[in-house]
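Have a look at the structure below, then the notes.
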Amino acid sequence: MQQLYPFLFVFLWSTGFIGAKFGLPHAEPLSFLLTRYLLVILLMGGIALLTRAPWPKKHSDWLHIGVSGVLVHAVYLGGVFVAIGNGLPAGITALVVGMQPLLTALGAGWLLGERVSGRQWAGLGLGFVGVGMVVSGKLGEAALGPMLIPALVALLGITVGTLYQKRFCPRFDLRSGSVIQFVPSALLTGLAVGLFEDYRIEWAPPFLFALGWLVLVLSLGAISLLNLLIRNGSAVNVASLFYLTPPTTALIAWLAFGEQLGLVPLLGMLVAVSGVYLVARAK
């Protein structure tokens with residue numbers, strides 16, 4: 001069963017862009033995320049209490065889990081949602097964030113002592129080329145510039161967050177740990193909402209669907225799987241899975257919205273999958 005976790009994670013994580021497309025027309029980006037975080041805290045807090053989940057005994061563990069949560073949730077998701085909300089096409093956002101496996105490989109040796117083999121480097125490079133091919137048709141959809149800044153912040157957040165969690169807190173209870181991760185994320189996001197937004201939300205059916213999906217499927221399902229993968233695998237192998245997100249998102253968008261897929265993006269999907277296979281199979 002655990003062998004299916006990476007595939008399930010990729011599919012669930014990829015639907016986040018679809019949820020953003022449904023919900024962001026009806027809410028400001030950070031207000032959307034703040035509402036999502038609060039609901040996750042309520043749900044996971046209740047589950048942790050009802051099931052008597054263990055909580056960390058050391059103050060340092062609370063700190064490390066909280067910091068990893070801020071990086072992976074508040075910084076990464078905040079950057080992605082603000083970038084898309086400001087008009088940056090999801091394809092370009094995915095391409096920017098798609099550099100994460102390469103940056104993670106650079107940091108894995110320095111912070112974690114992981115050795116990245118030549119075969120893994122080849123796979124990482126191949127995966128990045130594949131991601132570029134998938135989103136190549138969307139690179140001219142908008143003028144770049146300031147809109148790229150939130151996407152770059154998101155890239156930094158998910159890269160540092162993955163490395164930090166693998167280094168300082170790879171193992172924690174998923175129920176109580178989720179609460180510890182999302183509470184500081186909600187506090188930081190709430191502060192940003194107070195400074196930059198008006199908490200504008202239209203409680204329309206598309207927003208409610210997107211909110212429910214992102215809370216139940218992404219924040220509870222995909223994040224739990226990500227934590228399990230970080231616990232059991234190398235940082236480089238886990239990061240390489242993010243190469244599969246843009247191709248999978250493109251397929252879902254094709255099925256859900258009728259977005260066209262040309263020959264180059266289809267070939268790019270095969271290239272990206274081949275790159276991830278090289279990384280995963282390298283010894």
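Each value in this text was obtained by applying a stated rule to the coordinates, not by laboratory testing. Note that the coordinates shown come from a computational prediction; the quantities given were computed from them, not determined experimentally. So basically every Cβ, Gly included, is an ideal-geometry build from the backbone, and we count neighbours across all protein chains shown.
The table for this structure:
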| item | result |
| --- | --- |
| Chymotrypsin sites (Phe, Trp or Tyr not before Pro) restricted to DSSP loop in the stretch 190-240 with at most 12 other C-beta within 10 Å | Trp203 |
| Ascending count of other beta-carbon atoms within 10 Å, so fewest first, for Val67, Val160 | Val67, Val160 |
| Using a Förster distance of 45 Å, the FRET efficiency for Arg231-Leu152 (Cβ separation, nearest 0.05) | 0.95 |
| At least 20 Å along the helix axis (C-alpha) and Kyte average at least 0.0, DSSP helices within the chain | 5-23, 29-50, 118-134, 148-168, 174-196, 263-281 |
| Residue order, fewest to most beta carbons within 10 Å, for Tyr5, Tyr37 | Tyr5, Tyr37 |
